[in-house]
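Just below is one structure, and these are the notes that go with it.
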Amino acid sequence: MTTSAASDIRYDPYDVEINADPYPMFKRIREQAPLYYNETHDFYALSRFSDVNQGLVDYQTFSSARGAILELIKANIAIPPGVLLFEDPPIHDIHRKLLARMFTPRKIQALEPKIRQFCAEALDPHVGSGRLDFVADIGAQMPMRTIGMLLGIPEEDQEAIRDFANEQMRTEEGGRMKAASDGMVSGDIFGAYIDWRAEHPSDDIMTELLEVEFEDETGTVRRLTRDELLTYVNVVSGAGNETTTRLIGWAGKVLAEHPDQRRQLAEDPTLIPKAIEELLRFEPPAPHVARYVTRDVEFHGTNVPEGSVMMFLIGAANRDHRQFGPDSDVFDIHREPRQHLTFSVGTHFCLGSALARLEGRVALEEILKRFPEWEVDAANAALSPTSTVRGWDTLPTIVP
């Protein structure tokens with residue numbers, strides 16, 4: 001069934017009211033229009049877990065090479081090499097391997113003491129103040145310092161770099177991503193750092209990228225060009241900030257609404273890793289991802305023609321009762337772990353997933369040590385006006 005058979009079912013990624021709480025509509029689409037078509041913006045959407053999982057794995061049919069965001073695919077702009085999210089194998093695999101060596105389990109685990117230090121330095125000034133903003137005071141601070149340290153960005157410049165990365169994702173209310181009209185933003189802002197690192201190597205990602213040799217798609221063994229370096233650093237900077245910031249914001253909101261579960265976490269921190277997994281499932285920072293359809297394909301008795309845009313509704317799939325049981329719309333830190341799609345699956349599985357999980361766990365441990373109770377100051381909280389990620393721009397809370 002598509003929208004033609006259920007005309008009151010409507011999902012619009014630019015609709016601010018729908019995005020404030022998309023889950024009731026996601027549920028209706030999932031059950032009544034499992035292949036949904038939006039005539040206004042000319043895209044199809046899949047919402048059931050099995051369909052979304054299958055589609056994300058099938059990069060031959062659902063290509064990332066024109067972008068992974070509806071407005072980028074529609075704009076059909078040139079994508080610079082090195083934007084991993086917007087590439088297909090085999091070139092994607094070549095570029096991914098270069099970054100994968102910088103996100104090994106050993107390297108990620110070694111970051112925990114510094115991440116904990118960053119959390120403590122962000123949180124301690126607010127003890128006794130009666131207020132804590134989960135975004136401004138911790139969510140926008142610790143991930144920025146962590147990825148800045150990894151890249152080799154000086155601390156005094158990290159806020160400007162974070163704000164630059166965030167601005168690329170922002171849209172006006174009901175509007176579209178700037179890159180769709182302005183073209184992909186270059187990483188020129190990182191040029192001075194790359195030039196400095198070329199003369200002063202260190203133990204950071206930028207130095208590794210400057211020095212690494214690899215075999216490219218033509219079989220040539222070479223180093224990255226300067227433009228490729230700029231793109232890589234730009235991608236890592238943006239991805240390293242956004243998801244964890246949103247995750248920490250949702251932790252503040254969801255755990256305020258489930259105080260009994262929050263108190264269990266404060267009393268037994270060993271439950272926190274499962275709580276992070278449930279938060280990722282329950283409120284994914286990126287509720288949808290889009291692909292370009294390379295060939296005719298059929299879902300639920302309807303043909304999706306080559307050249308279409310397919311949107312995979314991650315937020316809907318993550319609450320599909322077929323995968324997560326009859327209580328899939330319930331937040332439950334004791335839920336038995338089952339695969340969710342927040343970090344994608346297959347060739348585009350998130351390289352930084354282990355880092356995001358570590359940051360989320362440590363942040364929640366440190367928050368609960370200092371602030372086991374809080375209430376959201378709803379009148380002053382604000383959702384981010386973007387069609388690409390969903391989360392809080394500000395989430396002030398009242399703490400005892």
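What follows draws every value from the coordinates through simple rules; no lab data is involved. Remember, it's a predicted structure, so these values are computed and weren't measured experimentally. Virtual Cβ from ideal backbone geometry, glycine too; neighbours counted across all protein chains shown.
So the values come out like this:
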{"item": "Choice from Thr104, Thr388, Thr218 with maximal GNM fluctuation in the chain (Cα, 10 Å cutoff)", "result": "Thr218"}
{"item": "Residue-averaged [θ]222 nm for the chain, counting only DSSP H segments that reach four residues, each worth -39500 (n - 2.57)", "result": "-13000 deg cm²/dmol"}
{"item": "Sequence-distant lysines (8 or more away, or on other chains) whose Cα lies within less than 17 Å of Lys97", "result": "Lys107"}
{"item": "By average C-beta atoms within 10 angstrom, highest first, the peptides 265-278, 120-133", "result": "265-278, 120-133"}
{"item": "Around Leu229: net Lys/Arg minus Asp/Glu count, Cβ-Cβ under 12 Å", "result": "-3"}
{"item": "Using a Förster distance of 30 Å, the FRET efficiency for Arg116-Ala192 (Cβ separation, nearest 0.05)", "result": "0.50"}
{"item": "Inter-label distance, nm, simple model (7 Å from Cα along the C-beta direction), Asn380/Gln264", "result": "3.2 nm"}
{"item": "Net +/- balance of residues flanking Glu199 in space, Cβ distance below 15 Å, scoring K and R +1, D and E -1", "result": "-1"}
{"item": "Net lengthening on full extension, Ile18/Thr302 (0.36 nm per residue, minus Cα-Cα)", "result": "99.7 nm"}
{"item": "For the chain, radius of gyration divided by Kirkwood radius, i.e. Rg to Rh on alpha-carbons", "result": "0.96"}
{"item": "Cβ-Cβ FRET estimate between His334 and Val127, R0 fixed at 30 Å, reported to 0.05", "result": "0.50"}
{"item": "Two-decimal Rg to Rh for segment 209-268 - Kirkwood Rh, Cα set", "result": "1.37"}
{"item": "Stokes-Einstein D (µm²/s) once Rh is taken as the Kirkwood radius of segment 1-114 over alpha-carbon pairs, at 4 °C in 1.567 mPa s", "result": "77 µm²/s"}
{"item": "Residue-count net charge about Gln117 - beta-carbon cut-off 11 Å; Lys, Arg +1, Asp, Glu -1", "result": "-1"}
{"item": "Centroid-to-centroid separation of segment 322-400 and segment 83-132 [C-alpha atoms, Å]", "result": "15 Å"}
{"item": "Most mobile of Ser237, Ser202, Ser387 in a GNM of the chain (Cα contacts under 10 Å)", "result": "Ser202"}
{"item": "Where GluC sites (Glu not before Pro) fall in DSSP loop in segment 28-105, at most 13 other Cβ within 10 Å", "result": "Glu39"}
{"item": "Kyte-Doolittle mean at least -1.0, axial Cα span of 18 Å or more - DSSP H helices of the chain", "result": "226-257, 353-370"}
{"item": "Mean Cβ neighbour count within 10 Å, used as a protection proxy, ranking 294-304, 336-346 highest first", "result": "336-346, 294-304"}
